[in-house]
Amino acid sequence: SEPRPHGRDLAGRRIVVSAGGTREPLDPVRFLGNRSSGKQGVAIAEAAAARGADVTLVAANLEVGEPGGCRVRAVSTALELREAMVEAAAAADVVVMAAAVADFRPASVSEAKIKKVDGEERMTLELVRNPDILAELGAAPHDGTLLVGFAAETEPDSERLLELGRGKRRAKGADLLVVNHVGWSKGFAADENAVSIIGPSDEVLAEASGSKMSVAHGILDVVAARLARGDD
Ligand code: CTP
Ligand code: CA
């Protein structure tokens, strides 16, 4: 579908977007990562800048180029992402947590490359929980900041998919939650996406599909409408 005209409806708004996927080091040469390419988050940052917003992109290991017109803060681990988000969110009108954050990190990082031992056919990694950045932002006072979360789910049933999204929105204190269905080849590195946007009363406010850029504009349409309402 043709993109609708947006003009500069986000002019003067400060938007912070996290994108990509965190990497949790094990030793100097290895990490635990995930399949997030950063495409959807980068598209949101780029679209917001085109609509006049002042955009900070907190970029975790992007597999795509950085967009123009944005301030970029590069991070790698969940703990680095958290620090950058907490700092940037303090002055933001909108925070979009599109990054895929590792839920766990290795309990310790080896200073030296981990060596395998002859005869040992298994090895166990001990992991510890990472902080939930979105939930922390949602639990802290954030008057005047619209908090947008994402939920990437493999649930094939669309009603159950929405229920998972609603549960995550409530659990994390987000104002809006963008749900998308992912699979081995769907969602992450793909150029196309399909999402539902859940609002503060659990209602589906909008659906958006197509290129990640048109999905980005669909999400920002909802954001812009809510910001405009808040000005009334
Ligand atoms: N998120 C976060 N910090 C984490 C984990 C997730 O801020 N440590 C954010 C993501 O950026 C996303 C939302 O929370 O906006 C949902 O992430 P998701 O991985 O779908 O949800 P989880 O709460 O981690 O639940 P699950 O056990 O399904 O992974
Ligand atoms: Ca998770």
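The values are calculated or read from the model by the stated rules, or taken from the named source; none is laboratory data. Since this is a predicted model, take the numbers as computed values, not measurements. As a convention, Cβ positions derive from the backbone with ideal geometry for all residues, glycine included, and neighbour counts pool all protein chains shown. What goes into the accessible areas is simple: the full protein's heavy atoms, side chains included, and nothing from ligands, DNA or RNA. Shrake-Rupley method; radii C 1.70, N 1.55, O 1.52, S 1.80 Å.
The figures follow:
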item	result
Any chance LEU164 is farther than 21 Å from GLY52 by Cβ, free of Cβ contacts under 8 Å to residues at least 24 places away in the same chain and open to solvent by 60 Å² or more (accessible area, probe 1.4 Å)	yes
Selected residue (criterion: farthest from VAL178 (Cα to Cα)) from residues of the stretch 147-166 that are in a loop (DSSP other than H, G, I, E, B) and not charged (D, E, K, R)	PRO156
Listing of strands (runs of 3 or more DSSP E) fully contained in the stretch 1-63 that carry 3 or more residues being open to solvent by less than 10 Å² (accessible area, probe 1.4 Å) and of a type in the set (A, V, I, L, M, F, W, C)	14-20, 54-60
Check on ILE198, open to solvent by less than 20 Å² (accessible area, probe 1.4 Å), more than 13 Å from the chain's Cα centre (by Cα), hydrophobic (A, V, I, L, M, F, W, C) and more than 9 Å from ligand 1 (Cβ to nearest atom)	yes
Set ALA11, ALA99, ALA92, ALA78: member being out of contact with any Ser or Thr (no Cβ under 8 Å at 6 or more places or on another chain) and not basic (Lys, Arg)	ALA11
Members of the stretch 113-161 that are within 16 Å of ligand 2 (Cβ to nearest atom) and farther than 30 Å from LEU10 by Cβ	LEU127, VAL128, ARG129, ASN130, THR154, GLU155
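A quick yes/no check of all residues on (1) among the basic types (Lys, Arg); (2) closer than 22 Å to ALA194 by Cα; (3) free of Cβ contacts under 8 Å to residues at least 24 places away in the same chain; (4) near ligand 1 (Cβ under 9 Å from one of its atoms):
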{"position": "ALA78", "(1), (2), (3), (4)": "no, no, no, yes"}
{"position": "ALA100", "(1), (2), (3), (4)": "no, yes, no, yes"}
{"position": "GLY119", "(1), (2), (3), (4)": "no, no, yes, no"}
{"position": "PRO131", "(1), (2), (3), (4)": "no, no, no, yes"}
{"position": "ALA135", "(1), (2), (3), (4)": "no, no, no, yes"}
{"position": "PRO141", "(1), (2), (3), (4)": "no, no, yes, no"}
{"position": "GLY144", "(1), (2), (3), (4)": "no, no, no, no"}
{"position": "GLU153", "(1), (2), (3), (4)": "no, yes, no, yes"}
{"position": "ASP157", "(1), (2), (3), (4)": "no, yes, yes, no"}
